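S.K.: Supplied in structure tokens, the structure appears directly below.
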4 protein chains.
Amino acid sequence: MPLPEWFHELAREVSNRGRWGDDDELGTMNLITPEATLRGVECAKTGRSFSLALPLHHDGPQTGRIPNRINPIHTMIGINTPFMGDPQKTCLSDDIVVMGTQSATHWDGLAHASYEGRLYNGFPATTVIAEAGATKCGIEKVKSIVTRGVLLDVALVKGVRRLDAGYAITAEDLDTAAAKAGLSVESGDIVLVRTGQQEHLFAGDKDAYRLPAPGLSSKTVKWFRSRDVAAVATDTFSFEVWPGEDEEVLLPVHLLHLVEMGMMQGQHWFLDDLAEDCAKDGVYEFLLHASPEPIAGGTGSPVNPVATK
Amino acid sequence: MPLPEWFHELAREVSNRGRWGDDDELGTMNLITPEATLRGVECAKTGRSFSLALPLHHDGPQTGRIPNRINPIHTMIGINTPFMGDPQKTCLSDDIVVMGTQSATHWDGLAHASYEGRLYNGFPATTVIAEAGATKCGIEKVKSIVTRGVLLDVALVKGVRRLDAGYAITAEDLDTAAAKAGLSVESGDIVLVRTGQQEHLFAGDKDAYRLPAPGLSSKTVKWFRSRDVAAVATDTFSFEVWPGEDEEVLLPVHLLHLVEMGMMQGQHWFLDDLAEDCAKDGVYEFLLHASPEPIAGGTGSPVNPVATK
Amino acid sequence: MPLPEWFHELAREVSNRGRWGDDDELGTMNLITPEATLRGVECAKTGRSFSLALPLHHDGPQTGRIPNRINPIHTMIGINTPFMGDPQKTCLSDDIVVMGTQSATHWDGLAHASYEGRLYNGFPATTVIAEAGATKCGIEKVKSIVTRGVLLDVALVKGVRRLDAGYAITAEDLDTAAAKAGLSVESGDIVLVRTGQQEHLFAGDKDAYRLPAPGLSSKTVKWFRSRDVAAVATDTFSFEVWPGEDEEVLLPVHLLHLVEMGMMQGQHWFLDDLAEDCAKDGVYEFLLHASPEPIAGGTGSPVNPVATK
Amino acid sequence: MPLPEWFHELAREVSNRGRWGDDDELGTMNLITPEATLRGVECAKTGRSFSLALPLHHDGPQTGRIPNRINPIHTMIGINTPFMGDPQKTCLSDDIVVMGTQSATHWDGLAHASYEGRLYNGFPATTVIAEAGATKCGIEKVKSIVTRGVLLDVALVKGVRRLDAGYAITAEDLDTAAAKAGLSVESGDIVLVRTGQQEHLFAGDKDAYRLPAPGLSSKTVKWFRSRDVAAVATDTFSFEVWPGEDEEVLLPVHLLHLVEMGMMQGQHWFLDDLAEDCAKDGVYEFLLHASPEPIAGGTGSPVNPVATK
């Protein structure tokens, strides 16, 4: 069965292919201009910062369901090793880490998804190779991410602690949350969409956290596109609603965002503390730093996003 | 042979032990108050950002001399894997990375060094264990780093492209560079000291990049302490001068900074592009975002520091 | 609560400390003399071989319950990489693997366990260090293992497909199985004890496979010691019965075997096909090759044990 | 430039394609019949065993020249971890290892090489994928290897400690070494060819050990094929002579052995101690156990080959 017509139509509507040139590998990160950065800087009024990252820990969100995507494994290659042979003098401890780039709080880079043999901007999917990973659109191409961040707390505006599993967020939900936030999303912004789904994770139920889940949907793609959002992140595992809306195309939002729009997606972002603070002071915009780790050829990378209000 | 008296004396002078309470694990990161953050925010005037990270790549700075501290190894666990069994539809690529936390651009966390059986703030060095890494002063305790950054381009003010191997930077060098920068270093700042040493690295000579090297010294410790600097980073492998100044204590600056002052150190920071820009516009201060990856129990972490001018 | 007296008494009875000298790191591997090897060689009469290893695969026996002990992760560092730049000519594929040494079919080496601060033969437990693993009794000290193997199919002789969870195998069970096998266990033999527990694993229930489990017990320790067995392996996760017999000392058999006797233990050995063959031809002895991988400082290693009849 | 005609002709002469059926993934391992195994067993006359493996250690043969093929990295995930919370009672140490499958003493499996888009027996090279490695001819398909081993000490018969770098071993060299060994190589044997090249390795010169090197050549391929040898191993890094004999096809022996003959290759085998013993007693045949680790989808695996005389 081919991909459904609604999908192809939506793809045509939102595509950014060629928009920044045939060689562009940055997609909507191009929208974070110095002006966008400064607009973010202006939001930093109190100097208080919030880390939006889950810990990198072996007891992380991964359950083993995705073959080989391991939680971070952190081991010591030295513990108080006497640097000079004398344990009373200089001793150093050192460590290594093994992890999936997408194991915990991370960015999906543009090379993470493909369909019909293409990545973003028409690059062949075959540009992803074992020897070097993503030779086009690798995450290391994104040198820095500093812009205005906007929290759309959809769970809050719908009056729940956690959206229902399988709930497909709508454009109206985003409008309502933006109204609650008292702001308009602008070009170059990064939008953080809160579902409350991590309630499961903190209760110890990783399977429930993973799937089924609420999330973004085919109905929100154009909302982001029309506002020229630079990226979107959620506090979920799957980013988009699961089960999906149409079994003829699974993870359509991934394809539309990553491949057609060239827009990165953040997953497993920890939004609860920030959301609590925004609810308290009514300020839903902030300076957001979310620069990826420059993993050469990475399809994504861990990130410690920081919101400064 | 015991540690020399000059070392013990300097340790007493600069110690921050107990300054933020007996349970404090953050050290000078405590100095990045909301006020310090805002002082950094004010420096972001043009919206232009500079990543200060070397790529995370198997051809990284490590030469194998440090047992087990491997360059980043990035491998694909899936390449365009058909998510639905149909290669024309949704395909996903995914990857893992194995690396030393200190392999490339990174922070030395407070648990990285110890002597006389102690970490920062009197915590026993035995709090670093195989099962969980650093149970005190782990890098994950540092949730975010957003503050003013200041570049002291010592190579520039000394009129060289690269300081000589083995050159011990002095307090006067830092003063001269600060004067060149037209600013005073303040409490909560992060100071970036440029030596030009990466000239070797970019010429392909990793051994020369590593050692011997120019770097900070016993003569600069008090300079940072008296200004209550939050952290210091260099563009070198060893951070401090090598060979050291006194063979009775190797890496004394590591001990004085990490253990006595509780001040983190950045290593392998890429400063050349930033330095070129600062030389051009004469502005040596900037908003600096350098939040570590929250590796639970990490003695350090990779970081992608971003300077926004 | 101290270790119980029965445990200390049994430890005294079975201890091999000093038996092969104060510097010995091989323990009962010393019993595999050339004569023992030849006795094993004599058993190879038909030339048919059986691998006793579970596959090394990400879908292995580990469930994540043991922090950081990951199933084998196998990734490609190159897939048909053109060696000469021409994809029609020489292409090479290459891979790496990340795994716990004890993740699947493996040997527990002598450094795996300690109590009262000691390893086998009085070596301090502190000889196990982060920098180099087991500096005494590392698995690499065991260069080769070639001897007679004997299968004691306890499940078979008890008329069940799988021993009950929590069933503590007795000396009488071993006698019965040896009688069924029509042989006497001799010095330098390696004894394989079959419980049938992998029925759970092949049914997909890794938790049931793990614990609770049937296994060897305090009642079988002297049986092996008095026969001077070189090593023992089972088809279980825990090797010894779980829950244990005395909550004042958990895993007592590990301590008595590894620390007191210096006798290695095999875990997760796949015995079903071999057992079926032995039941068919009534021959329960064979040449056994089970040399560990020479992981320097390893507390254990994966092994592909091969029985040749 | 196409592959040279001599290569294609030799390929046709030695090909085993279809010999064991169109679905065969074992190649010359099929030649290790129970009879071959028994012929090996007969050689075990004294019961003395020799491990032919280099240690698995971070200071291994790899120099970083091959991207991502790291030496074994062994780290502790626990050191004397109190199993019951009481450090006087049961404590366990555990570890993980990260390594290239081909980092040290190993087998090249049949999926390691391809040309013209084919692996052994006509399987498409595209059967090697990121998600699962080698889905055809994976090393795990070779359950066990127990057969007669024969040492051909070419260095010895040529009167040198080490063959010259770049020396292409000839069929005559093999004949001379077989005559010295006083035996004929038979179907199902595994032949170990000693060059003495590890002299460099033990002198600390890993680069010299690697390349250039003596090794097998186009002139020895038919020698092995006509004797229906099951596998060949050398004490070198590259297995075949380097530089190669014809720059139009690099690593031709790899292609002829692995792809055309379906014959595995061993590399980095440690042969010096065995060779010394064979020279002493004049016996150059032995029982050889060299079963690979069953890495699912592996292109190769580490191995601890053991020769028993």
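S.K.: Within the range C:87-106, work out how many residues are more than 7 Å from every other protein chain (Cβ to nearest Cβ) and hydroxyl-bearing (Ser, Thr, Tyr).
M.R.: The qualifying residues number 2.
S.K.: Take the residues of the range D:11-31 that are in a helix (DSSP H, G or I) and aliphatic (A, V, I, L, M): which is farthest from the other protein chains (Cβ to nearest Cβ)?
M.R.: Here the residue is D:Val14.
S.K.: What is the number of the single condition among (1) more than 7 Å from chain C (Cβ to nearest Cβ); (2) surrounded by fewer than 20 Cβ atoms within 10 Å (Cβ to Cβ); (3) not in a helix (DSSP H, G or I) that D:Thr46 does not meet?
M.R.: Unmet condition: (1).
S.K.: Out of the range D:239-267, which residues are among the small types (Gly, Ala, Ser) and surrounded by fewer than 23 Cβ atoms within 10 Å (Cβ to Cβ)?
M.R.: D:Gly244
S.K.: I'd like to check something: does the range A:98-107 contain any residue that is touching a Gly at 6+ places or on another chain (Cβ under 8 Å), buried (at least 24 other Cβ atoms within 10 Å of the Cβ) and among the aromatic types (Phe, Trp, Tyr)?
M.R.: yes
S.K.: Shifting gears a bit: Of all residues in the range B:107-128, how many are of a type outside the set (Gly, Ala, Ser), more than 22 Å from the chain's Cα centre (by Cα) and either within 7 Å of another protein chain (Cβ to nearest Cβ) or more than 27 Å from B:His268 (Cβ to Cβ) (or both)?
M.R.: So the answer is 3.
S.K.: Could you say whether any residue in the range D:227-250 is polar (S, T, N, Q) and within 26 Å of D:Cys43 (Cα to Cα)?
M.R.: Yes; the residues of the range D:227-250 include at least one that is polar (S, T, N, Q) and within 26 Å of D:Cys43 (Cα to Cα).
S.K.: When the range B:165-196 is examined, which residues are found to be in contact with a Ser or Thr (Cβ under 8 Å, 6 or more places away or on another chain) and under 23 Å from B:Arg39 (Cα atoms)?
M.R.: Passing the criteria: B:Leu174, B:Ala178, B:Gly188, B:Asp189, B:Ile190, B:Leu192, B:Val193, B:Arg194.
Table: residues versus (1) aromatic (Phe, Trp, Tyr); (2) closer than 30 Å to B:Asp86 by Cα; (3) not in a helix (DSSP H, G or I).
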{"residue": "A:Glu9", "(1), (2), (3)": "no, yes, no"}
{"residue": "A:Phe50", "(1), (2), (3)": "yes, no, yes"}
{"residue": "A:Leu54", "(1), (2), (3)": "no, no, yes"}
{"residue": "A:Gly60", "(1), (2), (3)": "no, no, yes"}
{"residue": "A:Gly64", "(1), (2), (3)": "no, yes, yes"}
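S.K.: While we're here: Go through (1) hydroxyl-bearing (Ser, Thr, Tyr); (2) out of contact with any helix residue (DSSP H, G or I) (no Cβ under 6 Å at 6 or more places or on another chain); (3) under 24 Å from D:Ser103 (Cβ atoms) for D:Tyr209 and report which single condition fails.
M.R.: D:Tyr209 satisfies every listed condition except (2).
S.K.: Going through D:Leu271, D:Leu251, D:Leu256, D:Leu287 one at a time, which residue ends up being within 8 Å of another protein chain (Cβ to nearest Cβ) and within 22 Å of D:Thr220 (Cα to Cα)?
M.R.: Just a single option satisfies the conditions, and that option is D:Leu251.
S.K.: Let me spell it out: the conditions are (1) in a loop (DSSP other than H, G, I, E, B); (2) touching an Asp or Glu at 6+ places or on another chain (Cβ under 7 Å), and D:Val185 meets all of them except one. Which number is the exception?
M.R.: Just one mismatch for D:Val185, condition (2).
S.K.: Can you tell me how many residues in the range D:59-77 are buried (at least 24 other Cβ atoms within 10 Å of the Cβ) and over 19 Å from the mean Cα position of the chain (by Cα)?
M.R.: Matching residues across the range D:59-77 total 6.
S.K.: Those residues that are among the hydrophobic types (A, V, I, L, M, F, W, C), free of Cβ contacts under 8 Å to residues at least 12 places away in the same chain and not in a helix (DSSP H, G or I), I need them from the range B:93-139; list them, please.
M.R.: Of everything in the range B:93-139, those that are among the hydrophobic types (A, V, I, L, M, F, W, C), free of Cβ contacts under 8 Å to residues at least 12 places away in the same chain and not in a helix (DSSP H, G or I) turn out to be B:Ile129, B:Ala130.
S.K.: When you look at B:Gly204, is it without any contact (Cβ under 8 Å) to a residue 40 or more places away in the chain and either under 18 Å from the mean Cα position of the chain (by Cα) or surrounded by fewer than 20 Cβ atoms within 10 Å (Cβ to Cβ) (or both), yes or no?
M.R.: yes
S.K.: Pick out the one residue from C:Glu293, C:Glu285 that is among the charged types (D, E, K, R), surrounded by 21 or more Cβ atoms within 10 Å (Cβ to Cβ) and farther than 26 Å from C:Arg161 by Cα.
M.R.: C:Glu293
S.K.: So which residues in the range A:162-175 are of a type outside the set (Phe, Trp, Tyr) and either at pLDDT below 95 or under 19 Å from A:Thr236 (Cβ atoms) (or both), if there are any at all?
M.R.: Selection gives A:Arg162, A:Leu163, A:Asp164, A:Ala165, A:Gly166, A:Ala168, A:Ile169, A:Thr170, A:Ala171, A:Asp173, A:Leu174.
S.K.: Residue by residue through the range C:108-144, note down the ones that are surrounded by fewer than 22 Cβ atoms within 10 Å (Cβ to Cβ) and small (Gly, Ala, Ser).
M.R.: C:Gly117, C:Gly122, C:Ala125, C:Ala132, listed by residue number.
S.K.: Looking only at the range B:140-158, filter to residues that are assigned to a loop (DSSP other than H, G, I, E, B) and not charged (D, E, K, R); which one of those is nearest to A:Asp59 (Cα to Cα)?
M.R.: B:Val142
S.K.: Is it the case that C:Thr63 is β-branched (Val, Ile, Thr) and within 13 Å of chain D (Cβ to nearest Cβ)?
M.R.: No: the conditions fail for C:Thr63.
S.K.: Given the criteria touching a residue at least 60 places away in the same chain (Cβ under 8 Å) and over 30 Å from A:Val185 (Cα atoms), does A:Leu26 qualify?
M.R.: So A:Leu26 does not fit the description; no.
S.K.: If only one of D:Pro82, D:Pro34, D:Pro55 is more than 8 Å from every other protein chain (Cβ to nearest Cβ) and at pLDDT 95 or above, which one is it?
M.R.: Going through D:Pro82, D:Pro34, D:Pro55 in turn, just one is more than 8 Å from every other protein chain (Cβ to nearest Cβ) and at pLDDT 95 or above: D:Pro82.
S.K.: Does D:Gly133 count as away from chain B (no Cβ under 14 Å) and not hydrophobic (A, V, I, L, M, F, W, C)?
M.R.: Criteria not met by D:Gly133.
The values are calculated or read from the model by the stated rules, or taken from the named source; none is laboratory data. Small disclaimer: the values here were computed from a predicted structure and weren't measured. Positions of Cβ are generated from backbone atoms using ideal geometry, with glycine treated the same way; all protein chains shown enter the neighbour counts.
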